[in-house]
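Remarks on the structure that follows.
The values are calculated or read from the model by the stated rules, or taken from the named source; none is laboratory data. Small disclaimer: the values here were computed from a predicted structure and weren't measured. Cβ placement follows ideal geometry from the backbone for every residue including glycine, while neighbour counts extend to all protein chains displayed.
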Amino acid sequence: MTKKTRERLIKLKELEKLTAEGLRLMQKRLIEKLDENKRRLLKSEIKEKLVPCAERGFSYRFADLAKSKQLLELVLSNSIPANTREIDAPGKTEAKQLILKTSQSYVAYDDRDVLLFHQYSSEIGALVCAFGKCLEHLEGLLECTGFDEGLLNHSFILVEPECQFGLCILHTEYGCELVYW
């Protein structure tokens, strides 16, 4: 093999290596863009579901994703000392009555921010809203979270950011649990 041929082979191998690295980088960027687009679409879906509430004065923002995941994991792991009561699987109307009745002991927190979890919280973050406003717009929020679906990710989970209090109706495989602290 001549020196010139050897040099060409070396350059070809370097080019192949650069091309492979470039493809991996492009693939990584594409995956990031697809994830970003998915999050944007999910946020749009939640915002669209909340339009009726927003038109009646409900204001919210999306919580930090890492904080949302951390709090949701904490609640679902049963790590927080809480009152738990098994209840028949309520519909939206019964859930609303139960939440309003249980929340009466939290009236001092009306102006406090809470995180309201929805079916996409682990992908885009929970909603941050005032506790009192959440109760005021409860029916629309139960609709937005898809509570009537009866699945765990459609449960009603409302938690103060520092876990000072929480109010949840969790769908389980055997019915529902009212969890509050």
Exercise for the section: Could you please let me know if residue 167 is buried (at least 19 other Cβ atoms within 10 Å of the Cβ), under 21 Å from the mean Cα position of the chain (by Cα) and not polar (S, T, N, Q)? Expected result: yes
Problem - helices (runs of 4 or more DSSP H) within segment 56-139 that include 1 or more residues β-branched (Val, Ile, Thr) and surrounded by fewer than 19 Cβ atoms within 10 Å (Cβ to Cβ) - result: 92-103
Practice task
Taking residue 144 as the residue in question, decide whether it is of a type outside the set (S, T, N, Q) and either within 20 Å of residue 50 (Cα to Cα) or not assigned by TED's automatic domain parsing to the domain that holds residue 68 (or both).
Solution key: yes
Practice task
Could you check, for segment 73-85, whether at least one of its residues is charged (D, E, K, R), in contact (Cβ under 8 Å) with a residue 12 or more places away in the chain and in contact with a helix residue (DSSP H, G or I) (Cβ under 9 Å, 6 or more places away or on another chain)?
Solution key: no
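For segment 146-163, what are the residues that are within 22 Å of residue 111 (Cα to Cα) and either touching a residue at least 12 places away in the same chain (Cβ under 8 Å) or assigned to a helix (DSSP H, G or I) (or both)?
If the condition is that a residue be within 22 Å of residue 111 (Cα to Cα) and either touching a residue at least 12 places away in the same chain (Cβ under 8 Å) or assigned to a helix (DSSP H, G or I) (or both), then 156, 157, 158, 159, 160, 161, 163 are the ones that fit.
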